[in-house]
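Below is one structure; the comments refer to it alone.
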Amino acid sequence: AQEDRRILITHNSHDFPDILREWAEAGKRHHGCVISHLPTNAYGEMSRRLDRWFGRLPAQGDWLDLAVSL
């Protein structure tokens, strides 16, 4: 995702907060991260929440170094 300048969407809410904190402390940038706390089969709800976030932050640059939770 990083090499392709894509927003990463993950269900790994255990590890990613620490990874993002380590990146920030090291001055590493990322192109956005969405951490889902929803069940992996909650496709409809995940889609609705992602649509809301992407509606609020439509430009790729809006997501630079941003992490949000679903």
Nothing charged except the Cβ atoms of Lys and Arg (+1) and of Asp and Glu (-1): what's the magnitude of the dipole of the chain about its Cα centre? Round to the nearest 20 debye.
260
Consider the candidate values [x] 29, 29, 21; [y] 38, 21, 19; [z] 36, 28, 18; state which one is Cα extents along the principal axes in Å computed from the structure displayed.
[z]
Amide H contacts under 5 Å for Ser69, restricted to residues at least 5 apart in sequence or on another chain and with H modeled in the peptide plane, are Ile35
Distance in nm between Leu57 and Arg29 label points, each 7 Å along Cα→Cβ, equals 1.5
Helical mean residue ellipticity (222 nm; -39500 (n - 2.57) per DSSP H run of 4+; nearest 500) of the chain:
-10500 deg cm²/dmol
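Using the heavy atoms of the protein chains and a 1.4 angstrom probe, tell me the accessible area per residue for the chain in square angstrom.
70
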Cβ-defined net charge surrounding Asp65, 13 Å radius [Lys, Arg +1; Asp, Glu -1]:
+2
Probe 1.4 Å - accessible area at His30, Å² to nearest ten
20
Vicinal HN-Hα couplings computed from phi for the stretch 59-68 (Karplus, 6.51 cos²θ - 1.76 cosθ + 1.60; Hz; Gly/Pro x):
8, 4, x, 5, 9, 4, 6, 9, 10, 10
Quick check: net charge around Pro39, other residues with Cβ under 15 Å of its Cβ, Lys/Arg +1 and Asp/Glu -1?
+1
Compute the signed sum of charges (Lys and Arg +1, Asp and Glu -1) over the other residues within less than 15 Å, Cβ to Cβ, of His14.
-2
Between His31 and residues 5 or more places away or on another chain, the pairs with built amide H atoms under 5 Å apart involve Asp65
For the chain, whose charge dipole is built from +1 on Lys and Arg Cβ atoms and -1 on Asp and Glu Cβ atoms, the candidate among Trp23, Ser13, Thr40 with its Cα farthest towards the positive end is Thr40
Going residue by residue through the stretch 2-16, the Karplus relation 6.51 cos²θ - 1.76 cosθ + 1.60 with θ = phi - 60° gives ³J(HN,Hα) values, rounded to whole Hz and with x marking Gly or Pro, of 5, 4, 8, 6, 10, 6, 8, 10, 9, 9, 7, 6, 7, 9, 5
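The values are calculated or read from the model by the stated rules, or taken from the named source; none is laboratory data. Given the structure is predicted, the values throughout are model-derived calculations rather than measurements. Cβ coordinates were reconstructed from backbone atoms using ideal geometry, including for glycine residues, and neighbour counts include every protein chain displayed. Just so you know, the surface numbers come from the protein's heavy atoms only, side chains and all, with ligands and any DNA or RNA stripped out. Shrake-Rupley method; radii C 1.70, N 1.55, O 1.52, S 1.80 Å.
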